[in-house]
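Note sheet for the following structure.
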Amino acid sequence: MRISDLLRRKGGLVVTIDPARPVTELLDLLATNGVGALVVSADGQTIDGIVSERDVVRRLQRFGPGLLEEPVSEIMSRQVQTCPPDTDLDELMRLMTNGRFRHVPVVDGGRLVGIVSIGDVVKHRIDELEGERDQLQAYIST
């Protein structure tokens, strides 16, 4: 299965935040959208960085509550691992596991077209296993 197939099922909506916005706005967007990370983008189409709940927590512990009024650019990861839509899902799983990150923006022709989380990958794998189980049960009972 390719990432493009997964995005067709899940949808290509990506919540982004401008790097100049305060961390408090980031927290609002994370909570409102029920996501664990946002792509940081000044124009909503190119990637300036990525920022996760984990980034916020670690920086808060280190710098204290004053961090909440700082711009997102102060806490975002600037080195972002991306993948094209034709990436194989197994390849992406290895990449996420080896890199120890949970969110990968999908880029096509330099434009942001989606994001895949480890939760999306796990959900797909569970659905796949349940389908195989159902086929085996149908085969056995015939």
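Hey, can you find the accessible area per residue of the chain for me, probe 1.4 Å, expressed in square angstrom?
On a per-residue basis, 62 Å².
On the protein heavy atoms, probe 1.4 angstrom, tell me the percent of accessible surface of the chain carried by carbon and sulfur.
Values: 4270 of 8740 Å².
The computed percentage sits at 49.
With all pairs of different alpha carbon atoms counted, what Kirkwood hydrodynamic radius in Å does segment 19-81 show? Don't jump to the answer; show the numbers that get you there.
Details: mean 1/r = 0.0862 Å⁻¹.
Over segment 19-81, the inverse of the mean reciprocal pair distance is 11.6 Å.
Just add up the charged neighbours of residue 29: K/R +1, D/E -1, any other residue whose Cβ is under 12 Å from the Cβ of residue 29.
Once positives and negatives cancel, what remains is -3.
Can you give the net charge of the other residues whose Cβ lies under 14 Å from the Cβ of residue 51, counting K and R as +1 and D and E as -1?
Charge balance in the 14 Å sphere: -2.
Hey, got the dipole for the chain? About the Cα centre, +1 on K and R Cβ, -1 on D and E Cβ, debye to the nearest 20?
Dipole of the chain, to the nearest 20 debye: 300 debye.
Given the rule -39500 (n - 2.57) for each run of at least 4 DSSP H residues, summed and divided by the residues of the chain, what is its mean residue ellipticity at 222 nm, to the nearest 500 deg cm²/dmol?
-14000 deg cm²/dmol
Could you tell me the relative contact order of the chain? Use alpha-carbon pairs under 8 Å, at least six residues apart, and round to a whole percent.
Relative contact order, the chain: 25 percent.
The values are calculated or read from the model by the stated rules, or taken from the named source; none is laboratory data. This structure is a prediction, so every number in the text was calculated from the model and none was measured. FYI the Cβ positions are ideal-geometry reconstructions off the backbone, even for glycines, and counts take in every protein chain you see. Note: areas computed on protein heavy atoms with side chains; ligands, DNA, RNA excluded. Shrake-Rupley method; radii C 1.70, N 1.55, O 1.52, S 1.80 Å.
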